Amino acid sequence: MAYETIIVDVEDHVAQITLNRPDALNALNDELMSELANALTAAQNNDKVRCIILTGSEKAFAAGADISMMKDKSFVEVFSGDLFTAETEEIMRVRKPIIAAVSGYALGGGCELAMMCDFIICSETAKFGQPEINLGVVAGLGGTQRLTRLVGKSKAMDMNLTGRFMDAEEAERSGLVSRVVPCKKLMDEAHGAAQRIAEKSMVSVMVVKEAVNRAYETTLREGLLFERRMFHSLFATEDQKEGMSAFVEKREAQFRDR
Ligand code: CO8
């Protein structure tokens with residue numbers, strides 16, 4: 001499918017989706033969000049794809065929702081239109097892992113989009129922020145919720161109240177990102193991680209995603225029970241037999257997603 005605001009490449013079991021509105025630092029507008037949701041759903045439905053990478057340009061992952069697009073909207077328009085809700089719900093339905101590879105600005109909706117992914121790898125030039133307060137509004141796609149769960153109340157308050165940017169070093173220290181690498185190595189690092197994931201049993205991979213995400217939605221007791229039951233359930237798969245046999249026989253496991 002031809003897209004106008006994103007580029008999709010599928011190679012070696014990895015779908016790379018690149019946000020591509022360079023003139024607006026990849027600001028999120030209706031078209032981009034709709035194309036992104038479509039591309040992610042297509043990757044979910046494509047049996048060849050085992051992991052997804054979402055990235056932007058060297059200068060910007062995404063500098064937020066498109067301010068020009070939102071500027072003149074009324075309360076009724078944003079409320080009735082439920083800006084970006086359908087698209088973000090579609091993104092949240094993707095069961096395959098999504099890695100955000102972030103370079104440059106990830107601000108407002110851009111930071112929130114990165115946090116919707118399963119983990120973030122960033123370059124040394126990355127800058128994260130929730131500067132909506134400077135526009136007379138507040139975060140609307142998770143900047144007060146996901147950010148708080150990821151970095152804690154104090155930093156989330158600081159970011160949302162002052163609108164200041166967090167650099168890559170602080171983002172790693174705070175638990176917002178999993179790895180920081182030099183800019184030139186960002187895509188190699190993201191693809192290396194994606195390839196490692198692609199080699200695993202997809203059943204286990206999807207269970208990990210569900211189980212870790214459940215940690216945000218439920219009590220520790222319920223989460224631990226869910227994890228334990230999923231561990232038990234995986235003994236019904238051929239991949240569990242193969243994985244454990246391969247370890248004992250000192251060979252590489254050949255998973256078949258069964
Ligand atoms: N929207 C639209 N256009 C943008 C945006 C944006 N968010 N960010 C940058 N651009 C455009 C600029 O207008 C400029 O266009 P032009 O060349 O035509 O003038 C071009 O991108 C390059 O930008 P700059 O010249 O400003 O580049 P600088 O390097 O000087 O500055 C910054 C880069 C610091 C990133 C600066 O562009 C900036 O501050 N951008 C806005 C960041 C921001 O406030 N983001 C939050 C937006 S609101 C939001 O995300 C809400 C999310 C929730 C929505 C849905 C809720 C339900």
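The values are calculated or read from the model by the stated rules, or taken from the named source; none is laboratory data. Remember, predicted model here, so these are calculated numbers, not experimental data. So basically every Cβ, Gly included, is an ideal-geometry build from the backbone, and we count neighbours across all protein chains shown. The area values use the complete protein model at the heavy-atom level, side chains included, leaving out ligands, DNA and RNA. Shrake-Rupley method; radii C 1.70, N 1.55, O 1.52, S 1.80 Å.
So the values come out like this:
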| quantity | calculated |
| --- | --- |
| Prolate/oblate/rounded label for the stretch 36-80 (Cα gyration tensor, a/c 1.5) | oblate |
| Nearby lysines by direct alpha-carbon distance to residue 250 (threshold 25 angstrom, same-chain neighbours under 8 apart not counted) | 200, 241 |
| Accessible surface of the chain, 1.4 Å probe, proportion on carbon and sulfur as whole % | 54 percent |
| Contact order relative to length of the chain, as percent, for alpha carbon pairs under 8 angstrom and 6 or more apart | 16 percent |
| Formal net charge of residues neighbouring residue 86 (Cβ-Cβ distance under 12 Å; K, R +1; D, E -1) | -4 |
| Cross-link reach list, aspartates and glutamates versus residue 209, counting only Cα pairs under 19 Å and skipping chain neighbours closer than eight places | 47, 89, 90, 112, 118, 199, 217, 222, 227, 239, 257 |
| Proximal lysines relative to residue 185, as straight alpha-carbon distance under 22 Å, when same-chain residues fewer than 8 apart are discounted | 59, 127 |
| Å² per residue, accessible surface of the chain at 1.4 Å | 55 Å² |
| Environment charge of residue 35, counting only residues whose C-beta is closer than 12 Å and scoring Lys/Arg +1, Asp/Glu -1 | -4 |
| Computed FRET value (nearest 0.05) for residue 145 with residue 244, which takes r as the C-beta separation and R₀ as 30 Å | 0.20 |
| Over the chain, equivalent-ellipsoid semi-axes from the Cα gyration tensor in Å | 33, 20, 19 |
| Beta bridges per DSSP with both ends in the stretch 4-196, % antiparallel, nearest 5 | 30 percent |
| Length released on extending from residue 58 to residue 95, taking residue separation times 0.36 nm less the Cα-Cα span | 10.6 nm |
